Each structure stands twice: as C-alpha cells, then as structure tokens.
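Notes follow the structure.
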Amino acid sequence: MIHVAIVDDEEQSRKRIKKCLDYVAGKKKTEFSVREFSNADAFLVGYEAEYDIIFMDIEMDGTDGMEAARQLRKIDKNVILIFVTNIAQMAIQGYEVEALDFIVKPIDPHAFALKMVRALGRVAKDSSDRFIINVAGDAVSLHTHLIKYLEVNGHYVVYHTKEGDYSEYISLSAAEKKLKGGAFIRCNRGYLVNLKYVDTVTKDYCVVDGEELIISRPQKKIFMEAFADFLGGKKL
C-alpha cells in the first residue's frame, strides 16, 4: 500500500489526481491510500511522516504550495514531493525544496503515469532502506542511510540520525540486525558507526559527522580495515 496526500484547493483537481492514481493502480497493480486536503494549513497541522508521495498545488489561497513545501521539509526531508501547477515555470523553484517532479494542469493520465514510474521507483528504493523501531510504545520508521551511529545507553540503544535522536529498549546486537545495507562497524563495545559519516580517523578515535567517538584497542584493526575497504569502494 502506497500512502498519498493530495493538497489542492480545487476539488476538481483533487478528483482528477485520484482518477489518475486509479489509472496507475490498474496499470501497475499497485494500491494507493489517498487523503485529500483543501488547503496547506490543514495538511501541515499535526503532520506526521506517514506519506510516501505528496501532490502539492503551488497556487493556493492562504499558505501557497511553495511555502508549505518549505515548512514540510523542516519536519520531513524524505517524503516524495510532486508539484501540481497551472504554470510550468513556477515549478522550477522546486529544486529549493527537493521536489521530485511537477505536473501541469489540466492533468493528462498518460503523462501522469509516466511521471509516476519515477516516483514509484523512488518509493521502492526508500522502502528497502526503512526499518521500524519501538520508541516508548510508538512505531517509528527510520532510514538506514540517515543513521550516523548507534550508542548503547544502559538497556537502550540511541539511534543518532540526521533527523534527530531516537531511543529504543533493545540490545546493540539486536538493533544491528535491523539495519538494511549500509556500512556499519563497531568502534568499541558501545558504538556502531556508519562509515559513510566518518570524517577522520586518528589513533584513538574517529570523528563521525563532527563528533569524536573512541576506538577501543581490541577493535582498532577491524575498524581500520573496514574503513579502508569502504574508502576503496569494497562492500562490507
């Protein structure tokens, strides 16, 4: 199931997008769960990162689509964003908020389907990168590629990510098994490091996105070999 939000103040436009999604669903044997919003403010209030794709009209009363997209990116940097507009030139600003694509009204179902091929490919890639952790009884979806390192804190593991820190009641070994892909290696018993974010390695520590983490003596050789393989392009 792919979760979609349509943010557009024109009811006919929302219906058109839903009809196009039905067309794609039939062609691609895909199911969509769709929520509609008639304005950006209603969409942004209480927003949770529950969508895979968001269709955002640029020209709306109240908060326009471009400003809404800027606010959206402050709380969700990963969701796929596709602008819908009457004027193609306006969508050029999309690079600022990392929009995947734009669709010009009136929407043609065949052109829509072609653009959705790219979007669905991104969804599939993002899904393979995600895993779920339990944070105080709530299920939270994390992206493996955004994790800088894992840290043991008592009976918890803290996931330090580019989007913030999250604690889960779990062992480091069990947390490690959840990770899908990526180049992770322990620098000591209490830390699991994503080599993608290692800036510098010295005799006693590694710098991970600006933070110094100690490399233990027993782990030094293994860590250095893994880091060298990573820099050389070898998969761990």
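Figures for the structure shown
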quantity: Whichever residue in the range 174-193 is farther than 17 Å from Leu213 by Cα and of a type in the set (Lys, Arg) and, among such residues, is surrounded by the fewest Cβ atoms within 10 Å (Cβ to Cβ); calculated: Lys177
quantity: Residue check, Lys77 part of a helix (DSSP H, G or I) and among the basic types (Lys, Arg); calculated: no
quantity: Boolean, Glu163 is surrounded by 13 or more Cβ atoms within 10 Å (Cβ to Cβ), modelled with pLDDT under 95 and under 25 Å from Glu48 (Cα atoms); calculated: yes
quantity: Enumeration of residues in the range 99-132 that are over 15 Å from the mean Cα position of the chain (by Cα), surrounded by fewer than 13 Cβ atoms within 10 Å (Cβ to Cβ) and among the aliphatic types (A, V, I, L, M); calculated: Ala111, Leu114, Val117
quantity: Matching residues in the range 186-206 - criterion: being among the β-branched types (Val, Ile, Thr) and either modelled with pLDDT under 95 or not assigned by TED's automatic domain parsing to the domain that holds Thr144 (or both); calculated: Val198, Thr200, Val201, Thr202
quantity: Odd one out for Val207, checked against (1) without any contact (Cβ under 8 Å) to a residue 24 or more places away in the chain; (2) among the β-branched types (Val, Ile, Thr); (3) out of contact with any strand residue (DSSP E or B) (no Cβ under 7 Å at 6 or more places or on another chain); calculated: (3)
quantity: Unique residue being buried (at least 16 other Cβ atoms within 10 Å of the Cβ) and either outside the structural domain of Tyr51 (by TED's automatic domain parsing) or touching a Ser or Thr at 6+ places or on another chain (Cβ under 7 Å) (or both) when the list is Val140, Val157, Val135; calculated: Val157
quantity: Selection within the range 160-180 - out of contact with any helix residue (DSSP H, G or I) (no Cβ under 7 Å at 6 or more places or on another chain) and either under 18 Å from Lys196 (Cβ atoms) or not assigned by TED's automatic domain parsing to the domain that holds Leu195 (or both); calculated: His160, Gly164, Asp165, Ala175, Glu176, Lys178
quantity: Residues being surrounded by fewer than 13 Cβ atoms within 10 Å (Cβ to Cβ) and either at pLDDT below 90 or not in a helix (DSSP H, G or I) (or both) - total across the range 215-235; calculated: 7
quantity: Where a residue in the range 31-46 is farther than 10 Å from Asp9 by Cα and its partner, wherever it lies, is among the small types (Gly, Ala, Ser) and assigned to a loop (DSSP other than H, G, I, E, B), with Cβ under 9 Å and at least six apart; calculated: Asp41/Gly62
quantity: Extreme residue, surrounded by the fewest Cβ atoms within 10 Å (Cβ to Cβ), among residues of the range 41-56 that are among the charged types (D, E, K, R) and within 17 Å of Ile2 (Cβ to Cβ); calculated: Glu48
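The values are calculated or read from the model by the stated rules, or taken from the named source; none is laboratory data. Bear in mind that the values here come from a model prediction, so they are computed numbers and not experimental data. We place every Cβ from the backbone using ideal geometry, glycine too, and count neighbours over all the protein chains shown.
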